[in-house]
Amino acid sequence: MRRGITALLIGFLGAAASHAAPLIIPVAGQGWQITFDSPMPAMENLLPNEQGLEYRCSDGRFSLVAMVEPPAETGGDSVACRDHVWAQARQNAQIQQDSVQQWSAAGCECIEYLSADAGKADKSVQANLLSCLAYRGKWVHLQASVMAAKDEDRSMLKHLAQSLSCGPFPEWKGGRRQFIFGALGRLQIEIPAGWWVGNMSTAKVLGLPEQWTVSLFSASDPNKSWMMTFFHSTARYATQEDIRRTAENAQQKAVMRSVEGAMNLQEIKLARGVGCQASYTESFMVGKPVEVGQPRASASAFVAPLPNVLGTISIMADDVKDPYFQAAIKALDTIEWEPGQDKAK
């Protein structure tokens, strides 16, 4: 089970979002996080490893890859990180060499440049920005790009670099949080201590309903993650039996791979609506040492706070008995929903 925090659908290639909000990349187990202003992603994927992590996100024309890794053998500061990464990146034959600019922002070293849009017949260009810094014995480098770039896109990339920072996780003791999902509605849920709210993403695919996703993470354990996705459903979930049928159909493969070997759906007792969940342990990982990026346990949940709103939820950890894993499952009982403009008719 390769661990990733990934929105269910990837957005279509539209315009890069004009707004920017803080995006969080947790460096779980290291005690710190990366933050910067960025368009809200349509898709994000976080892959931790023993040395650091790889993070990817995108929103139409905008895409970003971030890496946290040990310094090269030569070591060094943010400048050394920039020079090392750029020595490899500059080999790209699509780069317009006369567009390369090197500059410094508060806390990081940057290189911006233009390149030909791959596969484009016209003369559109891709704006690129490499931002590098050193923090707590790690090198952090972000590669952000916008296809068919305009002046405002280049300004957005520059602001991203200027807002880039690393620092400790904020103090959080748990509490009720609210998430606004556009016209779909508002989610309220009690987030237990030990879980931090990560990013929100929204995906639009032609012919399919818009999906809103919230990711949560553990500051101490990179194998713990929690993701909730909500969208308008053409099917109606008015009874517990309705939601159970959907869960049973979706969890067949998980049952076959599990130690439990059977589906043990438990009701999620919402104040309003219906829901159920089941937890599983991957059978092929039993007896093997714990590996970063390969969680052993998962909980899969389905909730319908309204008959026409469906939520799919996944919670990952290394043990189904882990107290934080169990606290996340229990928190699903506290879900409340306020309808938006996109109401059932």
Q: Once you've got the GNM for the chain with C-alpha springs shorter than 10 Å, pick whichever of 127, 66, 93 has the biggest mean-square fluctuation.
A: 93
(Q) Going by Cα centres, segment 172-229 and segment 232-265 are how many Å apart? (A) 21
Q: Return the FRET efficiency for the residue pair residue 267, residue 47: r is the Cβ-Cβ distance, R0 is 45 Å, and the value is rounded to the nearest 0.05.
A: 0.85
Q | Of 173/204; 253/330; 173/330; 138/253, pairs whose Cα-Cα distance is over 27 Å | A | 173/204; 138/253
**Q.** Long-range HN-HN contacts of residue 23 with modeled amide H, under 5 Å
**A.** 36, 37, 38
Q. Each label point is 7 Å from the Cα along the Cα-to-Cβ direction; what then is the distance between the points at residue 245 and residue 163, in nm?
A. 4.5
Q) In Å and whole numbers, how far do the C-alpha atoms of the chain stretch along each principal axis, longest first? A) 64, 49, 36
**Q.** Top of 46, 306, 206 by mean-square fluctuation, Gaussian network on the chain, Cα under 10 Å
**A.** 206
Q.
For a quick check of your reading of the filter: which GluC sites (Glu not before Pro) in segment 15-77 sit in a DSSP loop and have no more than 14 other Cβ atoms within 10 Å?
A. 50, 73
**Q.** Value of Rg/Rh across segment 175-339 [Cα atoms, Kirkwood radius]
**A.** 0.96
Q. Which Cys residues of the chain have no other Cys Cβ less than 4.7 Å away and so no disulfide-compatible partner by this rule?
A. 57, 108, 110, 166, 276
Q: Could you check how many percent of all C-alpha pairs in segment 70-203 are farther apart than 27 Å?
A: 41
Q) If contacts are Cα pairs under 8 angstrom and at least 6 residues apart, what is the relative contact order of segment 114-172 in percent? A) 27
**Q.** Over segment 70-162, relative contact order from alpha-carbon pairs under 8 Å, at least 6 apart, %
**A.** 27
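Computed from the coordinates by the stated procedures, all read-outs in this text should not be read as laboratory data. This one's a predicted model, so the numbers in the text were calculated from it and none came from an experiment. Every residue, glycine as well, gets a Cβ built from its backbone with ideal geometry; the counts of neighbours run over all protein chains shown.
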